[in-house]
Amino acid sequence: MVGCVWGLENGVMRQWRHIAGDRTSPPHRRGFTLIELIVVISILAILIAIVAPALHSARGAALRVKSISNLRQDVGDIFSYAAAHDGKAPRAPLIANNVGLPMALFSMPWRKGGGIMLQYFCQTHAWNMVLLSSGYKPSEAWFRPLAHYETYAGGDLRSLGYVLTTYVMSAVYLAGPAYWREGSLQREVSLRAVRLGETAYPSAKALLFDRASATAATPIGFADGHAESRNIAKSRPYVALRSEYNKGMPLWTTRDGVLGMDF
């Protein structure tokens, strides 16, 4: 009887150890084989190749939307400037250099007697300087998204990185319509700040544009205040300037000036 009890207890103990051992021993797991890893990596590479162009396209579309928004804001600033300056587009004060050619003098806000001199039509690349000189605050909208620009220190504008904008103003707003006629002598007497109200076809005349691309769609701010992406290569013929430095380009030297149209 004692032997039976001992045998039963011993059997129970062996059974308990077996159960306890099953609970405490970690299960055996098989790792990935080299072939499986290669298959997974290949699938991920294919997915990335499919998704990457879509992400790049979406990013490009977002930047174009931001650039159009910038131009719309900039056109509004130019209209605001014109409203306070007899309807005229921004133009810097003029001086003459030693050969009698008109030059533009930008008087910086923090410098009483100094400034920056540029050739006359070069100020179309720095119309924001005229706004700065008139008391406008620097704006990020003066640059295409992610554009690089240098920073300058001085006066109340401790970080002035807004000297040259990446958006170009049409040169036709710096000279009368006669200057831009086919075969014109392009005399200096025609150089003047043109009123925005003189534009004959505001919805078809570019006021500001981003010339980062001359073949693909590029953001353009029109003289009626709207902005959209258009293909510069499809614009109307332009006038070539009689200068070795400024040959002219689409939207910038429109035929008949503000009386003509770009599209």
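Against the numbered list (1) aliphatic (A, V, I, L, M); (2) buried (at least 16 other Cβ atoms within 10 Å of the Cβ); (3) at pLDDT below 85; (4) closer than 14 Å to L174 by Cβ, L94 comes up short only at (2).
For the subset of the range 202-245 comprising residues that are among the acidic types (D, E) and not in a strand (DSSP E or B), which member is modelled with the lowest pLDDT? Step by step, filter the range 202-245, then rank; the result is E244. P53 passes every criterion in (1) within 30 Å of G221 (Cβ to Cβ); (2) surrounded by 10 or more Cβ atoms within 10 Å (Cβ to Cβ); (3) modelled with pLDDT under 80; (4) not hydrophobic (A, V, I, L, M, F, W, C) apart from (2).
Of the residues A200, A233, which single one is farther than 20 Å from P145 by Cβ and surrounded by 14 or more Cβ atoms within 10 Å (Cβ to Cβ)? Quick ask: steps written out before the conclusion?
Working: A233 fails: surrounded by 14 or more Cβ atoms within 10 Å (Cβ to Cβ).
Step by step, each of A200, A233 is checked, and only A200 is farther than 20 Å from P145 by Cβ and surrounded by 14 or more Cβ atoms within 10 Å (Cβ to Cβ).
Checking each residue in the range 225-262 for being more than 26 Å from Y120 (Cβ to Cβ) and in contact with a helix residue (DSSP H, G or I) (Cβ under 9 Å, 6 or more places away or on another chain) picks out G225, H226, A227, E228, S229.
Just a yes or no: is a residue in the range 207-217 crowded, with 18+ Cβ neighbours inside 10 Å, aliphatic (A, V, I, L, M) and in contact with a Lys or Arg (Cβ under 9 Å, 6 or more places away or on another chain)? Taking every residue of the range 207-217 in turn, none turns out to be crowded, with 18+ Cβ neighbours inside 10 Å, aliphatic (A, V, I, L, M) and in contact with a Lys or Arg (Cβ under 9 Å, 6 or more places away or on another chain).
What is the residue count in the range 216-245 for residues that are in contact (Cβ under 8 Å) with a residue 24 or more places away in the chain, touching a Ser or Thr at 6+ places or on another chain (Cβ under 8 Å) and more than 22 Å from Q73 (Cα to Cα)? Summing the residues that are in contact (Cβ under 8 Å) with a residue 24 or more places away in the chain, touching a Ser or Thr at 6+ places or on another chain (Cβ under 8 Å) and more than 22 Å from Q73 (Cα to Cα) in the range 216-245 gives 3.
The values are calculated or read from the model by the stated rules, or taken from the named source; none is laboratory data. The structure presented is a predicted model; accordingly, all values stated were derived computationally and were not measured. Cβ sites come from the backbone with ideal geometry, for glycine too, and all protein chains shown count toward neighbours.
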